[in-house]
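The values are calculated or read from the model by the stated rules, or taken from the named source; none is laboratory data. On a predicted model such as this, the values are computed, not experimentally measured, just so you know. All Cβ positions, even for glycine, are placed from backbone atoms using ideal geometry, and neighbour counts span all protein chains on display.
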Amino acid sequence: MKREFLFACYQSPRGKLLRDLEIQYLKHVIDAGCKEYILQISGLNWENEFIDCSLFQNFYILDKSARGWNGSNKIQTHAFNLPIQSASIDWILLPHILEFDAHRFQTMREVERILKPEGHLIIITFNPWSLWLRTQYLWDQHLADSWHGNFISRSRLLDWLKLLNFEIKTHTEFNLDNYNTIHGRSILGKNTLFSNAYAIKAVKRRYTLTPVNKIQLNVLPLNVNIALKSNS
């Protein structure tokens with residue numbers, strides 16, 4: 001993964017504002033219990049600003065380069081081959097990983113595998129139609145070699161999640177030009193088409209088929225019907 005472009009964006013004035021909005025969002029939507037297992041795939045280095053690692057002792061950061069806040073539990077491995085038991089994690093956070101992950105399809109399958117039924121998934125990713133993002137791409141083109149084909153539109157990501165049997169609970173857009181605070185489903189802003197980034201909160205569903213018992217019909221067999229008619 002080549003996430004240097006992400007951290008270069010965060011260093012810009014608008015990127016710092018985006019970072020603050022994402023921290024505000026995560027503090028708002030993570031309502032996990034203290035004993036639940038929370039896995040964040042890909043470190044940011046400021047996890048302590050949206051989650052209390054001393055309170056959530058089962059919070060882990062998985063990052064190939066061991067990036068992440070120093071006071072957190074860390075797992076150093078690839079996201080597309082997780083050494084974690086199936087259906088064992090209550091919450092999974094994916095902050096800006098899919099747009100830089102060459103194995104993002106396999107990563108999503110691994111996420112679905114290790115998440116418990118009714119477990120929560122939170123994804124934050126760039127909006128490919130963002131004018132600010134395209135400006136950053138032109139400005140830092142030597143860091144943006146992962147631009148081509150990797151940034152994912154919201155409609156496409158929603159399709160992926162539905163194929164993996166996730167139910168979408170909320171989707172939020174981060175608009176740096178027009179915002180106030182988190183309110184309901186989105187951060188207030190008028191220009192949502194060109195929002196800088198967006199987030200999706202989803203729940204893993206597991207549907208089981210209930211067999212239908214055979215209906216007992218009170219009908220005489222065909223040969224019996226024929227015999228009755230002949231006797232009459």
Flagged in the stretch 104-149 as modelled with pLDDT under 95, in contact with an Asp or Glu (Cβ under 6 Å, 6 or more places away or on another chain) and not in a strand (DSSP E or B), in numbering order, are L143
Restricting to the stretch 71-103, and then to whatever is at pLDDT 95 or above and hydroxyl-bearing (S, T, Y), can you tell me which residue is nearest to R19 (Cα to Cα)?
S88
I23 being of a type in the set (V, I, T), more than 18 Å from V111 (Cβ to Cβ) and surrounded by fewer than 20 Cβ atoms within 10 Å (Cβ to Cβ):
yes
Would you mention how many residues in the stretch 62-87 are among the hydrophobic types (A, V, I, L, M, F, W, C) and under 19 Å from K116 (Cβ atoms)?
6
Quick one: which of Q57, Q76 is in contact with an Asp or Glu (Cβ under 8 Å, 6 or more places away or on another chain), exposed (fewer than 15 other Cβ atoms within 10 Å of the Cβ) and of a type outside the set (A, V, I, L, M)?
Q76
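Condition check ((1) surrounded by 21 or more Cβ atoms within 10 Å (Cβ to Cβ); (2) in contact with a Lys or Arg (Cβ under 6 Å, 6 or more places away or on another chain); (3) among the aromatic types (F, W, Y); (4) touching a residue at least 60 places away in the same chain (Cβ under 8 Å)) across all residues:
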| residue | (1), (2), (3), (4) |
| --- | --- |
| Q11 | no, no, no, no |
| R19 | no, no, no, no |
| K27 | no, no, no, no |
| G33 | no, no, no, no |
| F50 | no, yes, yes, no |
| K64 | no, no, no, yes |
| S72 | no, no, no, no |
Would you be able to tell me the number of residues in the stretch 82-136 that are touching a residue at least 24 places away in the same chain (Cβ under 8 Å), more than 16 Å from K201 (Cβ to Cβ) and among the hydroxyl-bearing types (S, T, Y)?
4
